[in-house]
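Notes to accompany the following structure.
The values are calculated or read from the model by the stated rules, or taken from the named source; none is laboratory data. No experiment lies behind these values; they were computed from the predicted model shown. Don't worry about glycine lacking a Cβ; one is built from the backbone with ideal geometry, like all the others, and counts go over all protein chains shown.
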Amino acid sequence: MKNWSPDAVNRPPQRDSRRQSLHGVNQTIANALSMLLARPLLMLLPLVLDVCLWLGWQFSPEPFTTWLGKVMIDNGGSDGPAAAREIFEIGERARVNDLLATLTPSIFGGVPKDSFLTILLALFAPNLIGGIDRRHMVNDWEEGLFAMLIPENGLGVFALALFFLAGSTVLAVAFRVPQARAIREEPVSLRGVVIDMLECWWKLLVLIALLLVVGAAIILPLFIIVGILYLLGINLMALVVLGLLVFGGMVAMYTYFTIDAVVLNRAGPLQAISLSYAVVRENFGPCSRFIFTSMLIFTGVLQVWDVLVENPPGVFIALVGNAFLGTGLSIASMLFFNDRLRLLDPNTVLRAASVSRRWFR
């Protein structure tokens, strides 16, 4: 006698057959790269962006890092000088304009910070997902074609950083919307693309605002309490960091496809979070494998590009290769999410889609 489970009674046979025919992680990535080979213009934006970040005007963060380093020396205790040296080194090699590539794949900006998972990695393992070290580039090409621009003070650096971060949201929707329209097999229409970009852009801004508000509401009180306890002689910082990693890691997994839902399914911010949660909950194993594989490819090729840029042909290979793989993995994420979303129970999708009010849709 065959094994029986209550779920088997209510599970439609066609859903079982469709689930068995789902493409796995490797096949999904291969399909995405094949789609990109048929539509190479989809990788034009990250390629042009990297060329501009490389050869265009560059802005140094040194006024800000110099001020921050001095603060660490004066108030950082015994570890202050060591921390200040690291901050000074960051100021020498970093570029404020690289923030333009925060949400798109870039050899200079590194892995796109378009999910809570990559944000966590940026906080706890910045060297893993950061861009290449410009000092490794052939000859003096790390300085680009124009002079290095240094803001007058730290406030100028902060203002430039906000400006470039705002620009990164525009580039993010310009990068992803054409991919989504290609997956949906919609006709090429300038008016349709512009409308989709505007709709996705304001939803992305609302999503970022929600994440900032929720993050601040959770983290700030927590660190205030930890600070008070530290003054009383109780150090819980290690426990807090561990808790943030565990809790934050789970949140990162379940919300990984949020921006995919915004762009591909035209979902509102809260709807997108709910749809991502529903897909990952029903497919936790496959989703975990896809996320791990994507991060492994992203972080692995960055190490390769860091070596290749030491010679002129390698710079060309790094620019084109990163644009190709970065765009391909972005398409693969949408394909992987969309295939599994279509297999969810209609009632589950309906509950996820009705999680927000009308103005969020």
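Numbers for the structure displayed
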quantity: Counted residues, the range 63-76 - those being among the aliphatic types (A, V, I, L, M) and either part of a loop (DSSP other than H, G, I, E, B) or more than 30 Å from the chain's Cα centre (by Cα) (or both); calculated: 2
quantity: Residue identified as at pLDDT below 80 and in contact with an Asp or Glu (Cβ under 8 Å, 6 or more places away or on another chain) among Val138, Val188; calculated: Val138
quantity: Those residues of the range 37-61 which are among the charged types (D, E, K, R) and in a loop (DSSP other than H, G, I, E, B), in sequence order; calculated: Arg39
quantity: Neighbours by Cβ (under 7 Å, 6+ apart or cross-chain): first from the range 24-42, among the polar types (S, T, N, Q); second modelled with pLDDT of 95 or more; calculated: Thr28/Ala332; Thr28/Leu335; Thr28/Phe336; Asn31/Leu335
quantity: All helices (runs of 4 or more DSSP H) inside the range 77-140 with 3 or more residues being closer than 25 Å to Leu244 by Cβ and within 15 Å of the chain's Cα centre (by Cα); calculated: 116-124, 126-129
quantity: Options Ser17, Ser34: the member that is more than 25 Å from Ser168 (Cβ to Cβ), assigned to a helix (DSSP H, G or I) and modelled with pLDDT of 95 or more; calculated: Ser34
quantity: Residue in the range 280-292 that is nearest to Lys113 (Cα to Cα), counting only those that are crowded, with 18+ Cβ neighbours inside 10 Å and either within 19 Å of the chain's Cα centre (by Cα) or of a type in the set (Ser, Thr, Tyr) (or both); calculated: Ile291
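Quick grid of which residues meet (1) buried (at least 17 other Cβ atoms within 10 Å of the Cβ); (2) without any contact (Cβ under 8 Å) to a residue 40 or more places away in the chain; (3) in contact with a helix residue (DSSP H, G or I) (Cβ under 6 Å, 6 or more places away or on another chain):
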{"residue": "Glu186", "(1), (2), (3)": "no, yes, no"}
{"residue": "Glu199", "(1), (2), (3)": "no, no, no"}
{"residue": "Lys203", "(1), (2), (3)": "yes, no, yes"}
{"residue": "Gly215", "(1), (2), (3)": "no, yes, no"}
{"residue": "Leu220", "(1), (2), (3)": "no, yes, no"}
{"residue": "Leu239", "(1), (2), (3)": "no, yes, no"}
{"residue": "Leu242", "(1), (2), (3)": "no, yes, no"}
{"residue": "Gly249", "(1), (2), (3)": "no, no, no"}
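Quick grid of which residues meet (1) among the polar types (S, T, N, Q); (2) at pLDDT 90 or above; (3) closer than 27 Å to Leu171 by Cα:
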site: Ala238; (1), (2), (3): no, no, no
site: Val246; (1), (2), (3): no, no, no
site: Tyr256; (1), (2), (3): no, yes, yes
site: Ala272; (1), (2), (3): no, yes, yes
site: Leu275; (1), (2), (3): no, yes, yes
site: Ala278; (1), (2), (3): no, yes, no
site: Pro286; (1), (2), (3): no, yes, no
site: Thr293; (1), (2), (3): yes, yes, yes
